[in-house]
Amino acid sequence: MAHWPTEWPPFLWGAATSSHQIEGGQTNDWTRWEDSGRGTEPSGRAAGHWELWESDFELMSRLGLNSYRFSLEWSRINPQPDVFDHHALARYRQMAERLRTLHITPLLTLHHFTLPQWVADRGGFLHPDAARWFTRYVDQVMDALGDQIDLYVTINEPLVLVVMGYLMGLWPPGAHGFRRAFALIRRLAEVHRAAYEAVKAKKPTAWVGLAHHVIAFHPWQPTPWDRATAALLHYLMNRRFVRMAEPWQDFIGINYYTRQYGHWSKGLHPIQSRSGIPVSDLGWEIYPEGLGEVLAQVGRYQKPILITENGIATQNDALRIQYLKSHLKVVEQAQLDGLPVRGYFHWSLLDNFEWAEGFSPRFGLVGVDYATLKRTPRASASAYEAIIRANQGLYPINVP
Ligand code: BGC
């Protein structure tokens, strides 16, 4: 197993965001989708982070975070096929530099769900040149800020992109169909590999991985059919892509939120929750043990593991504190069991634009008033801060 570099914090205490969800002022495939009325509402200025990034970073520093996962907006950097916006690149470089000055290790996501419109118009990642377009963008990013960043996620949640956009049609491009969906899975694995190699070519010491959306799938009933359905969902959603991309991941990134159930009744019917079990405002079951289950499953790859996202949409901040602590407790136990979990990124730093659901779900440690853009740290931010401060330099972590 690769050694965790001694110059990095022994455990990354972070929060995660993505460009489209917080920056505001985008022109990408999602804004077009929103403007055509297919989303809930337009993302507009989102959380205004493109203007307010400096004070947001100071806030993070006051909360004691030693790491931050954020994404670059491909459409900002590369708005037309042969146009690269050097002002946008310079701004992202400034951000990376500032994070380092604040002793916050940046983890950079290169693609988090959105595409430049010109890429979307040509068929998105399904276009035969997509890997080339993407690596050209990655090359520009590496030239502009690669010296500032050691940790990279190439693609956020490839399977979610496929399921939401190409099977269920709930996200752009609004497609339904197995053939294209399966072709896209293969293509995304190729794009990942190409991006992995592009980053490494410019910076051989970089660590590069993916952020996989992993759900704890259980059978709905203890019947052979439901067991087989849960196992199939686990294989298709959680395992297949990790395995396809296995040699090109220096760490395994996991986004864990919830449990779902496999159920078979004249077809495959995933079920989101069982009555009597607490859920988030989005109806997602709160099931911290599932994080332990998925960590044990990815332990087989013998690579450092980062929890690249974990969090809850809720208006009840006491519930967020409980969610945070119970999931961190699972991380502590996993480390005691010998699993190399090296970081935790809470989703999210700020309330933000939640894709098809718009602004109503509140995922932030810090609340955002969308009328004024005022930030108000919640009690959960203080709770997280207290845990981080008590854990300076500690590995394994210790969660009260
Ligand atoms: C995504 C985020 C999203 C979060 C909560 C993850 O699937 O990476 O963009 O906001 O979950 O739904």
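The values are calculated or read from the model by the stated rules, or taken from the named source; none is laboratory data. Since we're looking at a predicted model, the values are computed, not measured. Quick reminder, even Gly has a Cβ in these numbers, built from the backbone with ideal geometry, and neighbours come from all protein chains shown. Accessible surface areas use protein heavy atoms only, side chains included; no ligands, DNA or RNA. Shrake-Rupley method; radii C 1.70, N 1.55, O 1.52, S 1.80 Å.
Within straight-line reach of Lys329, meaning a Cα separation under 16 Å, sit the following aspartates and glutamates at least 8 residues removed in sequence or on another chain: Glu289, Glu293, Glu309, Asp337, Glu385.
Mean-square fluctuations from a GNM of the chain, with a 10 angstrom spring cutoff on Cα atoms, peak among Val341, Val208, Val298 at Val298. Run the reach check for Lys202 against aspartates and glutamates, Cα to Cα strictly under 17 Å, same-chain hits fewer than 8 apart removed. What comes back? Hits, sequence-local ones excluded: Asp139, Asp143, Asp147, Asp150, Asp250. The three principal axes of the C-alpha atoms in the stretch 1-160 carry coordinate ranges of 45, 34, 31 Å, sorted with the longest axis first. Potential lengthening of the chain between Asp281 and Glu41 amounts to 84.6 nm, from the contour at 0.36 nm per residue minus the alpha-carbon distance.
For the stretch 141-146, 3J(HN,Hα) computed residue by residue from phi via the Karplus equation (6.51, -1.76, 1.60; θ = phi - 60°) reads 4, 5, 5, 7, 9, x Hz, glycine and proline entered as x. Going toward the positive end of the dipole of the chain, with +1 on Lys and Arg Cβ and -1 on Asp and Glu Cβ, which of Ala216, His327, Gly48 do you reach last? In the chain, that residue is Ala216. Taking the stretch 220-308, which trypsin sites (Lys or Arg not before Pro) meet the DSSP loop condition and have no more than 10 other C-beta atoms within 10 Å? Filter output for the stretch 220-308: Lys266. Counting only DSSP beta bridges whose two residues both lie in the chain, roughly 20 percent are antiparallel.
Among residues other than Glu357 whose Cβ falls under 10 Å from its Cβ, what is the net charge (Lys/Arg +1, Asp/Glu -1)? Neighbour charge sum, excluding Glu357 itself: -3. For the chain, a Gaussian network of Cα nodes joined below 10 Å ranks Arg187, Arg179, Arg342 by mean-square fluctuation, and the top entry is Arg179.
Rounded is the label for the chain. Its Cα gyration tensor axes, ordered a ≥ b ≥ c, give a/c under 1.5.
Using the heavy atoms of the protein chains and a 1.4 angstrom probe, tell me the accessible area per residue for the chain in square angstrom.
On the way: 15550 Å² over 400 residues.
Ligands and nucleic acids excluded, the figure is 39 Å² per residue.
Taking Cα pairs under 8 Å and at least six residues apart, what relative contact order does the chain come out at, in percent?
Relative contact order here is 18 percent.
Roughly how many percent of the accessible protein surface of the chain is carbon and sulfur, given a 1.4 Å probe and a whole-percent answer? After summing per-atom areas, the C and S share lands at 54 percent. From its DSSP helices (H runs of at least four residues, each -39,500 (n - 2.57)), the chain gives a residue-normalised ellipticity at 222 nm of -11500 deg cm²/dmol. Bridging of Lys325 to lysines at a Cα separation below 30 Å is possible for Lys303, Lys374, once same-chain residues fewer than 8 apart are set aside.
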